[in-house]
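No lab work stands behind these numbers, since they all come straight from the coordinates. These numbers were taken from a predicted model, which means no experiment stands behind them. Note that each Cβ is placed from the backbone with ideal geometry, even for glycine, and that neighbours are counted across all protein chains shown.
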Amino acid sequence: MKTTIIIPTYNEAENLPKLLTALFTLPLEDLNVLVVDDNSSDGTGRIADEFMRTYPNRVSVMHRAGKLGLGSAYIQGFTELLKGDTDIIGQMDADFSHDPRKVLELVAALETCDVAVGSRYVPGGSLDKDWPFWRKWLSTFGNFYARTILHLPIRDTTGGFRLWRRETLAALPLERVRSNGYVFQVEMAYAAHKLGFQFKEVPIYFAERRWGQSKMSFRIQMEAALRVWALPHQYRDLRPLAK
Ligand SMILES: Nc1nc2c(ncn2[C@@H]2O[C@H](COP(=O)(O)OP(=O)(O)OP(=O)(O)O)[C@@H](O)[C@H]2O)c(=O)[nH]1
Ligand SMILES: [Mg+2]
């Protein structure tokens, strides 16, 4: 099985080398990464290129002109990987909020589902204990909001630590995905759910970023609150695929 994890980066120069090193020491056969960098001003793109020279078969890099958003970074990454031969396509933040070792459990979970989701809101999962109250509340409420309005079968709808079977992603209408901030994760889950794909949640501890600047903004939160209401109409034609 070939696994490729997409890591979108915007100013993650301190995190990226540590993360790639951690991923490549995992006892997992044929693990690869695709870094999608949005012309980070701190040199993240150059660091990714250096890793690509060191590990030419395992690291690839996509350079984009500027900060075009998380959602579009993943869509471009998915589209590129679907042209290749990878069996499992992953998504993961660069800032160590997602523990690289959990990739092993997600790969194992994917044996019995179509999408394996790292989840903060199932028993055993948790949020950074040092997160300010408002941020915990916002995340908990945001998840409840999206899950309830859209009748999603997962507890963690906004998390960005997921592994997809290649066939699952190939069946999704990626060209129709419009969300760009973290509501992108909700949109992907919703489209997959409407097509009848099965999810499995693996409990994770979500750690606050240790290095670098937070990119969470009011604009991204507003996009999320409004987009959720648009999704049922946008995907009204999707039906479970016959298996
Ligand atoms: N390519 C690309 N990557 C992005 C963009 N925005 C965020 N990212 C990356 O997406 C991942 C998640 O973004 P974060 O900034 O960690 O979002 P967050 O976890 O909600 O908030 P903080 O950790 O507080 O910043 C990180 O690896 C970021 O570097 C973007 O516009 N383009
Ligand atoms: Mg983060």
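Note that region 1-69 shows a convex hull volume over its alpha carbon atoms of 76 Å³ per residue.
Other residues whose C-beta falls under 10 angstrom from the C-beta of Val115 contribute a net charge of +1, scoring Lys and Arg +1 and Asp and Glu -1. Can you give me the Rg/Rh ratio for region 60-113, using Cα atoms for both radii and the Kirkwood formula for Rh? Reported Rg/Rh, Kirkwood definition of Rh: 1.00. Structure remark: mean-square fluctuation, Gaussian network model of the chain, C-alpha springs under 10 Å; the largest value among Pro100, Pro232, Pro56 belongs to Pro56. Dipole magnitude for region 147-231: computed about the Cα centre from +1 point charges on Lys and Arg Cβ and -1 point charges on Asp and Glu Cβ, it is near 100 debye. DSSP bridge analysis restricted to the chain gives an antiparallel fraction near 25%, rounded to the nearest 5.
In this simple spin-label model, placing a label point 7 Å from the Cα along the Cα-to-Cβ direction at both Leu138 and Lys215 gives a separation of 1.6 nm.
Inter-part distance, region 37-103 to region 129-151, computed on C-alpha centroids, equals 27 Å. Among residues other than Leu81 with Cβ under 11 Å from its Cβ, the summed charge is 0 (Lys and Arg +1, Asp and Glu -1).
Among Phe78, Leu26, Ala146, pick out the residue whose Cα is farthest towards the positive end of the charge dipole of the chain, where Lys and Arg carry +1 and Asp and Glu carry -1 on C-beta, about the Cα centre. Comparing the listed Cα positions along the dipole, Ala146 ranks first. Quick one: grab the alpha carbon gyration tensor of region 176-233, order the square roots of its eigenvalues as a ≥ b ≥ c, and give me rounded if a/c is under 1.5, else prolate or oblate depending on whether a/b is larger than b/c. Here region 176-233 falls in the oblate category. For the chain, a simple Cβ point-charge model (Lys and Arg +1, Asp and Glu -1, everything else neutral) yields a dipole of about 660 debye relative to the Cα centre. The spread of Cα positions in the chain, taken along each principal axis and listed from longest to shortest, comes to 45, 43, 36 Å. Take the Cα radius of gyration of region 75-183 and divide it by 2.2 N^0.38 Å, N being the number of residues; the result is 1.12. Using every pair of separate Cα atoms, the Kirkwood estimate puts the hydrodynamic radius of region 100-153 at 13.0 angstrom. Counting lysine pairs in the chain whose alpha carbons fall under 25 angstrom apart, excluding pairs fewer than 8 residues apart on the same chain, gives 23.
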